[in-house]
Amino acid sequence: KAGVTQTPRYLIKTRGQQVTLSCSPISGHRSVSWYQQTPGQGLQFLFEYFSETQRNKGNFPGRFSGRQFSNSRSEMNVSTLELGDSALYLCASRPVAGDGYEQYFGPGTRLTVT
Amino acid sequence: AQKITQTQPGMFVQEKEAVTLDCTYDTSDQSYGLFWYKQPSSGEMIFLIYQGSYDEQNATEGRYSLNFQKARKSANLVISASQLGDSAMYFCAMEEAGGTSYGKLTFGQGTILTVHP
């Protein structure tokens, strides 16, 4: 089975722009979670989608949004980029909800905001 | 709120030796899962091992074992027979059961492990 894929892998944007990141989960996985990783804040949970519904959201401003499509692929969008949004964005998928099943992570998208 | 604490920013170990990476957690939930992930310099998070809060036996996966002490709220990772390829950042993470925790892993700050030849 193919792993979780994320596109693009690297991205450079200018402050004020918006960006869309894509995540394709492992085939058959319906839950997708997104995380932001920065040197200062570490790994922080953004949101989780299951069957096209956002079921959980972390403590991020409304500039961060996401969605999930019927094929379980997910996108996250960041509008009005700020320098502090520079980070590694990781998505992870799992077959079912709930604890007991590990999340499988993609390689991440490294976003640089200048 | 749930919290994960990893008190060792960096650890060094000699190749073929065993090493323990510390992790303590805080939660008011009775049902939760504890995970360890490895992150090489490439950035991808690699799942290593899982322990459920109701599991009475310590989890083991090959060279990895989890020393779970529920009363002390600790979930230390033990890597036996260290290899050069084990050099990486290691994260302890927790997921609580329940609707407000869907898909949310709470991570510690990580421990950088360096294996010396």
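Looking across the range B:85-102, just one residue is farther than 16 Å from B:Leu34 by Cβ, at the interface with chain A (Cβ under 8 Å from one of its Cβ atoms) and buried (at least 17 other Cβ atoms within 10 Å of the Cβ), and that is B:Tyr102.
Quick check, is A:Ser27 modelled with pLDDT under 95 and more than 20 Å from B:Leu105 (Cβ to Cβ)? It is true that A:Ser27 is modelled with pLDDT under 95 and more than 20 Å from B:Leu105 (Cβ to Cβ). Might you let me know whether the range B:32-42 holds any residue that is among the small types (Gly, Ala, Ser), at pLDDT below 95 and out of contact with any Gly (no Cβ under 8 Å at 6 or more places or on another chain)? Yes, the range B:32-42 contains at least one residue that is among the small types (Gly, Ala, Ser), at pLDDT below 95 and out of contact with any Gly (no Cβ under 8 Å at 6 or more places or on another chain).
Say we look at the range B:103-117 and pick out the residues that are within 30 Å of B:Glu15 (Cα to Cα) and open to solvent by 30 Å² or more (accessible area, probe 1.4 Å); which of these is nearest to the other protein chains (Cβ to nearest Cβ)? Walk me through how you get there before you give the answer.
Quick first cut of the range B:103-117, residues within 30 Å of B:Glu15 (Cα to Cα) only: B:107-117.
Those still in the list that are open to solvent by 30 Å² or more (accessible area, probe 1.4 Å) too: B:109, B:112, B:114, B:116-117.
Values: B:Gln109: 5, B:Ile112: 12, B:Thr114: 18, B:His116: 25, B:Pro117: 28 Å.
The residue in question is B:Gln109.
Looking only at the range B:59-84, residues that are among the polar types (S, T, N, Q), surrounded by 15 or more Cβ atoms within 10 Å (Cβ to Cβ) and not in a strand (DSSP E or B) come to 1 in all.
Taking first residues from the range A:67-83 that are more than 16 Å from A:Glu48 (Cα to Cα) and of a type in the set (A, V, I, L, M, F, W, C) and partners that are part of a loop (DSSP other than H, G, I, E, B) and open to solvent by 30 Å² or more (accessible area, probe 1.4 Å), the Cβ contacts under 9 Å between residues at least 6 apart in sequence or on separate chains come to A:Leu81/A:Thr14; A:Leu81/A:Arg15; A:Leu81/A:Gly16; A:Leu81/A:Gln17; A:Leu81/A:Gln18; A:Leu81/A:Arg63; A:Leu83/A:Arg15; A:Leu83/A:Thr114. For the range B:1-27, residues that are part of a loop (DSSP other than H, G, I, E, B) and under 17 Å from B:Gly52 (Cβ atoms) total 3. Listed by first and then second residue, the pairs with beta-carbon distance under 6 Å, at least 6 apart or on different chains, first residue in the range B:37-54 and facing chain A (nearest Cβ under 7 Å), second polar (S, T, N, Q) and open to solvent by less than 30 Å² (accessible area, probe 1.4 Å), are B:Met45/B:Gln39.
Screening A:His29 on (1) open to solvent by 60 Å² or more (accessible area, probe 1.4 Å); (2) outside any strand (DSSP E or B) shows it passes everything except condition (1). The residue of the range A:55-85 that is least open to solvent (accessible area, probe 1.4 Å), among those that are part of a helix (DSSP H, G or I) and of a type outside the set (D, E, K, R), is A:Gly84.
Quick check on A:Glu48: is it in a strand (DSSP E or B), touching a residue at least 40 places away in the same chain (Cβ under 8 Å) and at negative phi? Criteria not met by A:Glu48.
In summary, A:Lys1 fulfils each of the numbered conditions (1) in contact with a strand residue (DSSP E or B) (Cβ under 9 Å, 6 or more places away or on another chain); (2) at pLDDT below 95 with the single exception of condition (1). Looking only at residues in the range A:51-66 that are in contact (Cβ under 8 Å) with a residue 12 or more places away in the chain and small (Gly, Ala, Ser), the one that is nearest to the other protein chains (Cβ to nearest Cβ) is A:Gly58.
The values are calculated or read from the model by the stated rules, or taken from the named source; none is laboratory data. Because the structure is a prediction, the values reported are computed rather than measured. Here the Cβ is made from the backbone with ideal geometry for all residues, glycine too, and neighbour counts use every protein chain on show. Heads up: the accessible areas ignore ligands, DNA and RNA and are worked out on the full protein's heavy atoms, side chains in. Shrake-Rupley method; radii C 1.70, N 1.55, O 1.52, S 1.80 Å.
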